[in-house]
Structure formats: C-alpha cells, structure tokens
1. Which pairs turn up if I take residues in region B:203-219 that are at pLDDT below 90 and look for partners that are buried (at least 16 other Cβ atoms within 10 Å of the Cβ) with beta carbon separation below 8 Å, at least 6 apart in sequence or on another chain?
2. Sort out which residues of region B:352-376 are crowded, with 18+ Cβ neighbours inside 10 Å and either under 24 Å from the mean Cα position of the chain (by Cα) or farther than 17 Å from residue A:166 by Cβ (or both), and write them in order of number.
3. Being away from chain B (no Cβ under 14 Å), touching a residue at least 60 places away in the same chain (Cβ under 8 Å) and more than 19 Å from residue B:482 (Cα to Cα) narrows it down to one of A:92, A:56, so name that one.
4. Applying the selection to region B:219-231, what residues are more than 9 Å from every other protein chain (Cβ to nearest Cβ) and in contact with a helix residue (DSSP H, G or I) (Cβ under 6 Å, 6 or more places away or on another chain)?
5. If the Cβ limit is 7 Å and pairs must be 6+ apart or interchain, which residue in region A:227-245 that is in the same structural domain as residue A:567 (by TED's automatic domain parsing) pairs with which residue that is part of a loop (DSSP other than H, G, I, E, B) and surrounded by 24 or more Cβ atoms within 10 Å (Cβ to Cβ)?
6. Would you say residue B:380 is in a helix (DSSP H, G or I), within 12 Å of another protein chain (Cβ to nearest Cβ), under 22 Å from the mean Cα position of the chain (by Cα) and more than 22 Å from residue A:85 (Cβ to Cβ)?
7. Can residue A:509 be described as in a helix (DSSP H, G or I) and either in contact (Cβ under 8 Å) with a residue 24 or more places away in the chain or not assigned by TED's automatic domain parsing to the domain that holds residue A:368 (or both)?
C-alpha cells in the first residue's frame, strides 16, 4: 500500500528492497516468545537465546549500514492489518537502530550477572528480547501506522520490565507508566488518524502544506504521544518513578534507549512531517518558527527542571533518571532549534542526533555502573554508600569517564554533542536576534553547570568518603560486568577524542537527507570541536559549576527537599486523574442509576397506579357488593315491611272484617234496636194511642164530669146567689141598724180604734168561705 | 447452487435447531452424553450449513423468497444477502463454540436438561432473525428469541436472576411492541414490509419519524442503547457464562442488525441524513459509549464490568451506523464481528475462572494468571483488543470507525472513541495486571524467594479452553492477517449496503 518511497528520499538516494528490517524486528520477538516457554531450569539456553537474539539484531543492523548510507531500505507487508505494514530504514533510522541493537547487546550481557540474584528470570529475558524487537520496530517503521503498532508493543512489553520487582513501589510506578503510555499511545493514534484524514496517507513524508487547519492539533497530539515516552516536562512524571525501580539493565535500556523512541518520533514529526518537499512558504516559516520555539522551550524547561531535580535527590538511580529527563531536554532543544531554523537547522539536528547517540552510551553505562554497585551492596541511597573507589576501582574509573561524558568535558563524548546544540543556539541568535533565544543559551549553560554539580555529588556520594561498615568487604566483579562497563568507557572516550568521525561519517549524511543547506550545513561540515570558541563555552560552564557547587555544598543547598506542592505529580496529575476518574465513574453511575431508577420508579408508579386502580376496582366491587347487600337488606326490609304492611293490611282487614262484623253486629243491633225501638215506638204508639184513647175517654169522662161539675157549680152558683141575696138583705138590715147605731155613736170611721179583738168571728168565717169558693172556681177554670 | 437449494438450506438452518429442541429435551432422559452430543452436533451443522451459503454470497447473490402470505402484502419470507450471511455465520460459529464450552461448564449446574434445548432453540430463532426476508418475519423471530432467552437468563433461579429476568422480560415486551408499532406504520406508509424492496419509505414525515423512533426503541433496547440499556448489566452477568457470552456476543447484535436493516432497507441513508434523524442515533451512541465505559469503571464484579463494557462497545457499532459513510459502516460491521470475538472470549474466560475458583470479584482475582495462565492469556488478549492495542482486531475496528468519523469531518467522535479506549484500559488493566503480577491476598508466597514461587496450575477443562483459545486466536487473526476474510466481508457488506451491491 505504501510501497512507493517518499519523494524526499528518492531524490537523494537509491531504494533497496529487502526483508532484512522485518527479520531484525521479527526474530527477536519470536525468540522472545519462544524463550518464555522454555523450562525454568534451562538457564543457559535462555541466556544463549537472549544473547543470540540481540546479536542477530546487532549483526542485522550492521549489515544494513552500507545500504542505509547510500539509500533507503524498504520492505512492506501489504494488507497486514488492512493498512499494510511498511518498513523503511534510512540513515536516521539506522543510527537509532544501531544504538538500540548495540546497547541492548551490552545490556543483555550485563543482565547475565545482574539477573542471577533476581526472581522470575524467564519472564525477564523473554520480555527483554520482545522489547528489543518492538523498539527496533519503532525506529524502522516506514509509516506512522507501523510505528504506532510497535510503539504500543514496546509500551506493553517494557511494562513487564518496569514492574519486574513487583514490590509496592514497582507496581505503583508501573501503573503510572502503563496508563500514561496508553494515554500517549491514544494521543498518537488520534494524531495519526487526523494526519490520515488530512493527507490520505500515514507516510512519514513532508506534508506540512496538506495539513491545513488541523496542523497545530496534530503537532500537539504527536508531541504529547511521543513526549510522554521521551519524558518531556510536564509529561515526565512516570520516568523518575519507573526507571529506578526496574532492574538495572532494564533501567539502562529504558533511560538510554527507550526514551529515544520518543525523541525519534519528535524528530520525525518536527523535521520531516512538518516540512514541505519544495521549500516552505513565508507563512509556513513563521508557523514553523512558532512550533520550533515552543519545542525548544519545552526542551529548555525539561533540561533545567530535570537537572534541578537530579541535584536535589539522593537516590542514585533516581538522580540518573532525572538526569535522563534533563538530557532529553538537550535533545528537544536541539530539535526545536532545528525546526525553527528551517533549512539552516543542520546544527540543531546534528546536535540533537549526536546527543541521542552519546546519551545512549553514557546513560546506559551509568545505569549499569550504578547497577553494579547496587548488585553488590544492595544500597541505592547516597548517604549509606561511600568509599567505593577503593572497593571497585574499575567501576569508579568507568563512572568518571561516563560522568565526564555527560558533563561535556572535552575529550569525552558529551562534549561534541553539547557543543553542537550550543552552537546551534548561537547560530539561532545570529539569525534571529531575540532575547528569548539568548536567554535559552544562558539556561543551556546553567543546566550544563548543574549537570556537572549533580555528578560531582553522585560521585562523591558513591565513591569518596569512608566506607560504611556494613559494606566493608572485598568485592569481585564478574568478567561480563567488567567487559560491559569497559566497553562503554571505551566507546565514550573514542567518540570524545574523535568527535568528527561520527559527525562526518554519519551525521552529515543524515543531515543531507533532510536537505539542509546554507551556512548551518557548511558550518557543520567543517566543524572543529577543539577550537577556542567551543572550549571557551565549556570553560564558562566549569567555572559556573564551581560557583554553584562550592557554596551549594557548604550551605547544604542540595539536601533541600522540595515541598509537596512543588511536585507536579502530587499537585496536578494525581488530583486531576483522581478527580477525572472519580468524576467519570460517578457521572456514569449517576446517569446509569438514574435511568435505572427512572425505569424502576415508573414501574413502581405504574404498579402503584395499577394497585390503586385495583383498589378502586375492588372498592367499586365492594361498593356494589355492599350496595347489593344493602339492596338485599333493603329489599329484605321492604319485603319485611311489605309483609308487615301485608300483615297489617291483613290484620286491618281482619280488624275491618271484625269491625265490619262488629258494625254489622252493631248494625243488626242498631237494626234490632231500631226494630225494637220501632217496636217500642209502635208499642209506645200503641200505648200512646191506647193512652190517647184512654185520655180521650178520660177527656170525655172529664168533659162529662166537667159538665156535671158545671151544672153542679151552676146549681151551687144559684144556691150561693140565693145565699148572697139573703146574706145581702140581712147585711143591709145589719148595715142600716149599724148605720143607725153609728149615727148613734157618730165615730165609726175611726180605724185606729179597729183591732183583731174587734173582728168578729162572723167576719172570719165569711172570708174563709169566700177563699175556698174562689180556689174551687180557679181550679176548675184551669182544667177546662 | 440454484435458488431452490439455497432456500431449502436456509429453511433447514432455521428449522433444524427448532426441530432438534424437543429431541434434545427427550434425549436427556436417555443420557446426558447423548444430549450434549446432539446439542453440539446441531450447532455445528447449523454453522456448516451457513458456511455452505458462502459461494452464493461470494458471487454477489441475493436471494429473496416469499414462503406464504398471511395477509395481502404481509408475508413470511426469507432473505439471504451479505449482511445476513455475515451475522448468521458469526452467530452460529460462536454458538457452536459456546455449546462446546457449555458441556463442561454446565456439568456443575442444575437443570441442564432445560438449558440445552433452550440454547439450541435460541440458535434457531436467532438464525431466523438474520434470514428473515421482511420486517414481520424478523419481528416474529425477534420476539421468539427474546422470550426464549429469558430462560437462559434466569437459569440460576436465584432471586437476583429472577429479578433481572423480570426486568429483561418487561423491557423486551416493550421493545417488541415498539417494533410492532413501527412495522404497522411502515406497512401503512409503504404498503409493504418486505426487505427486498430497497427503501420502503421515501419521504420524511412525522409518522415516518415515529416509525424510526419505534424501531430505534425496539432494536436499540436489544442492542443496549442508552437509555434502554438498563436490563443488560443485570441480565448478562446472572446468566451462566456461555449464555452470557452468547447474550453479549451474539444476541446484542440482533439489535444492531435490526437497526442496519431499518436504516438501509426501511429508510435510506440519504433520507436519514437529509432529515437529520441520524443525529438521534449518533447522540445516543455517543452517550452509550461514554456511559458504558464510565460505569464499567466502577463495577467490582467481573461479569458486570464486562456487561457494561458490552454496552459501550455496541455504542461503537451504533456510532458507525449513524455516521453512514463507507469507512464508518465497514467499521460498524467489522466491530460487530470484533466485539463478538472479544466479548465472547472475555465472558468465557471469566466463566472459566468462576467455574474453577468461584471468584467473581475483581479484587479476588490477584494472581489468577499464574493459576490459570491459558484462560487469563485469552482474557488478556481479548481485553487488549478491547483497549485497541494493535495488531488485534479491536484496534482495526476502532481505526476504521475513526477514519469514518474523520471522513464525516467529526473529530469529536474520534475523541469519544479514544476516551472510551482509555477508559477501557482503565477498567481492563486493573484486572489483567494484578492477575499476573500481584499475589493473592493472604497467601504466603514470597516473591523474592527465587524460583520457589510455585503456583499450582489449575486450568479449566480442555473443551472450555479450546473454545476460548479459538476465539482469542480469532481476535489476533482477524486483526493481523493480510487475508482478513472478516474484514473483506465487512467491506463488501458496507459497499453492498451503501451502494446496493457494488462488488
């Protein structure tokens, strides 16, 4: 799929099609996997396998050299993983591959002695070789897709090396390492995907013009992805934790080689991906200046922070780990300068690449030296060590050599590369008269001085002073360690004394690959390391070192422990990750459980409604039932009442009947009565008629009687009138006599003198008889 | 092969397991061994017969056949095209492996004479879904499978299982009703529900949208789409592990399959995109992805964590379907395969661990990698594939999906995918790392006593291991090999769906 070579290479050189890169990568991986299944007791076979694998890699890489020098070695596996894998080895790749293979070979040799006292060697060797293949794969990858594949593989397999001790510290460091590694990998993947979508390919080719608007985000993502592996500040936090806990040969590889995989990526991205095949436009130049400047400053901060932290630590492996951070800062600075200088960036590029080479040797060597000391003393703290100069003179000597190398002392290998980076800064000042770049140069000098300071500290701590009682015995180093350490020392010195050898043979052709031109290239080509100008800079550094170190030791500056809030890890990463993970989990659970709750609630509510309706229903039912019952009762009652009424009627009927009976009775009685009364009336009438007739008869009788009476009365009356006529003649005779007497007396009218004694009986008798007569007349008068 | 043969084969694939169900049920009265053999043989035959359809498919053939009409225009019909072949082959393959795995796993369980017939019956109905030629028959088989799967879920018959099963049942019925409603609307609008027509609904209308939402509810429910996923994390973990593997690995896919059919055969991608309905799906998919991953992070039970992970992974498929361009659909179809391999491996491995040690809590799994290296090896491979480590198949599907998202100019989706990958790492690595590199709590092993560190290897039975190993190999092979048949099928399927068979 990506068989065609990028134009920028085709222009310069030939194209070789060879499967050698694939085998260099694949054989160690396969041997590594195979080694894992060897029996535990086959120690020698395992060691042999490891050694053979690293030798295969080394020999293979060396075989590639003539091809890489004159052209590019390509190999592709079309359709593997659909995108196809593509391997391409140009000189830059070859330099990295060679470094990797060589240092790995030495580290494997060193492991033989070092690992003998360790557990789980089967796993160690197996993963050591797998990691070798993966790391070689990273640098030999021809496109970013392949690169990413091996990058991930390297992260995972080196994780096993990091946590080899499996103690608490190691697991913690390993956890940080792998999560950051995977995060970095994903960042890288994102960048590659964006690259692919922008350009339609994942080749490592100059495509700045095609990237468009997304170029900044792509660059940042690449920088994060590779920067994590390289240990750029502030992504370095895993490095000082992970490198010290690994077994020393693994630390050497991690620090010396694997962080270079990150540097390699940054180099490829900054110098190749972000450039254009036919020269960059003005706008792009200023853009590249911005990017390069940013990278340079990241490098400067990394270098300074790493150096300061190295100075303040007292664990010797951690000092070396921080030193790695610092040295990666040099490399990033060089790459940054190379990026913003454009075609003039040859010095920066060469410096960075040179420093990558040198750092691999001295840092791997230093880790192994320190590892040797740890192997025999089991001490890492400077305060508990000392006087090793006499006990292990070879280690002391090689350590001094390596330290001189890293310090940049002329005659050792650090000097040429630092000089080149420094010179690139000077050229940058010449081209862009900016204060920031001058400041950068000052920081560079300062950091170089600090580097020497912490190595003096380290050296004094380990090798000088009294030997602690516990460690006061004689040590016998195994030959493989001697060989390995000596070879590092030899390499360092050889490069230091003949710096132009590598420069001319390798770096200049590599720089030519990138089409560098102009003054920078010229300067590089004729660079003289042992001239006054570079030496002067070194002298300044040494003087500055003394100025810092002497009062520093005197005032105990280097024992200062930075407070926790200065630690970027505790200050930012830990809370941030904790917070983020916690928040993610919580938010997720919250949403999830609330959805779940919503369902359950709605279920509960629905059930409640249903049960409510059920209750309603049963209530209704009950109501009907009750009303039924009531109706029934009512009916019962009403029927009761009915029956009662019925009864009542019945009774009343009865009563009525009775009444009627009675009334008829009464009636009959009345009838009877009437009859009787009629009868009586008739009788009465009869009687009354009887009486009437009797009365009539009585009246008739009475009438007759009355007639009789009236005749008798009339007789009586005649008799009485005769009496009266006789009585009247006698009374008139008496009256004349009396009147004659009275005339005689003349006082007869005097009544007062009249009394009862005067009454004569005659008179009384007369009145009585008169009354009786009147009474009788009255009585008979009334009845008739 | 002529059409008649193909149709006979398809009918046989669907009907054979269903016919075998009572036979298996009665064979368990004769002997357990006979029953197991019959079950495995049935699933194997179903798989082989499905594979035998490959030549037709490879020739670009599409078979649509009406069996009989129930009502005018409402028929029971069969359909064979690339998509149905892919899913049917995948389902029967995993079914076969899970049945093999079940033999030893279920030996310890109760009510096995119920388990096997149900398992095989579910296979038949699942194949029926994939070979259904119209929405109505699809619906019938869908309901059949959903209801029968209930018995697999509640197999343990614990209170927890019954509760989860109840939830599953209620939601399944709701989903089924939603689909049914959708079918009615489609029938009303288009006059047919056959998948052979192409697109049934051409214009966007409120009713059509309602149908879309109904299908989304019905099939999304099965696929564990937010906010209808709630049954999944309860139901999948309580089932026996091979059933969990099938539930997560295959049965979830029926939901995704339904959505594919709805998007491409009921509606059309153009209609969805022009009316903006695809945004409904994409928003839900993004939420599903993030939610599943985030909640998986907090789970302590290994199977629950896997179940939540399934939710998130099905979100990928839905996301791919919502983006609706070539790469995204390839990614979605390929992820259906990938996830089936990965998640089945994970569930089977987790099942093996539970079977062997009875440990379900992740905190108890320290050092398990030394006791059960092969099981844990398979688990690790599948988990790394989940995280998206190349060269495993999970990476390839993520890569393709991401490219699809970028083609659609949606880097946000890529970001979501990558965040989800990171979260995958955060919840899978804490299972893997302690399994290899930490020691069981309360053990008296000493790490540094050189080679004295000796764990007794107590692996699961060979049959279980072989099922896991085959699936784990699939995750590697279908990520790495240049001749990636699954990827090719996905690519052809995507082309077929998007361009109507541009082979």
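1. B:203/B:271; B:204/B:271; B:204/B:275; B:204/B:277; B:205/B:189
2. First pass over region B:352-376, keeping only residues crowded, with 18+ Cβ neighbours inside 10 Å: B:352-353, B:355, B:362, B:365-372, B:374-376.
Answer for region B:352-376, where residues must be crowded, with 18+ Cβ neighbours inside 10 Å and either under 24 Å from the mean Cα position of the chain (by Cα) or farther than 17 Å from residue A:166 by Cβ (or both): B:352, B:353, B:355, B:362, B:372, B:374, B:375, B:376.
3. Values: A:56 fails: touching a residue at least 60 places away in the same chain (Cβ under 8 Å).
Criteria check complete, one pass: A:92.
4. Taking region B:219-231 and keeping what is more than 9 Å from every other protein chain (Cβ to nearest Cβ), we get B:219-225.
Listed by number, the residues that qualify are B:219, B:221, B:222, B:223, B:224, B:225.
5. Note: pairs meeting the criteria are A:227/A:235; A:228/A:235; A:239/A:231.
6. Working: in a helix (DSSP H, G or I): yes; within 12 Å of another protein chain (Cβ to nearest Cβ): yes; under 22 Å from the mean Cα position of the chain (by Cα): yes; more than 22 Å from residue A:85 (Cβ to Cβ): yes.
For residue B:380, the condition - in a helix (DSSP H, G or I), within 12 Å of another protein chain (Cβ to nearest Cβ), under 22 Å from the mean Cα position of the chain (by Cα) and more than 22 Å from residue A:85 (Cβ to Cβ) - is met.
7. On the way: in a helix (DSSP H, G or I): yes; either in contact (Cβ under 8 Å) with a residue 24 or more places away in the chain or not assigned by TED's automatic domain parsing to the domain that holds residue A:368 (or both): yes.
Yes.
Here's the yes/no breakdown for (1) surrounded by fewer than 23 Cβ atoms within 10 Å (Cβ to Cβ); (2) out of contact with any helix residue (DSSP H, G or I) (no Cβ under 6 Å at 6 or more places or on another chain); (3) free of Cβ contacts under 8 Å to residues at least 40 places away in the same chain:
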{"site": "B:268", "(1), (2), (3)": "yes, yes, no"}
{"site": "B:271", "(1), (2), (3)": "yes, yes, no"}
{"site": "B:280", "(1), (2), (3)": "yes, yes, no"}
{"site": "B:285", "(1), (2), (3)": "no, no, no"}
{"site": "B:297", "(1), (2), (3)": "yes, no, no"}
{"site": "B:302", "(1), (2), (3)": "no, no, no"}
{"site": "B:306", "(1), (2), (3)": "no, no, no"}
{"site": "B:316", "(1), (2), (3)": "no, no, no"}
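The values are calculated or read from the model by the stated rules, or taken from the named source; none is laboratory data. It should be emphasised that the depicted structure is a prediction, and the values quoted were computed from it without experimental measurement. Neighbour counts are summed over all protein chains in view; Cβ atoms, including those assigned to glycine, are modelled from backbone coordinates with ideal geometry.
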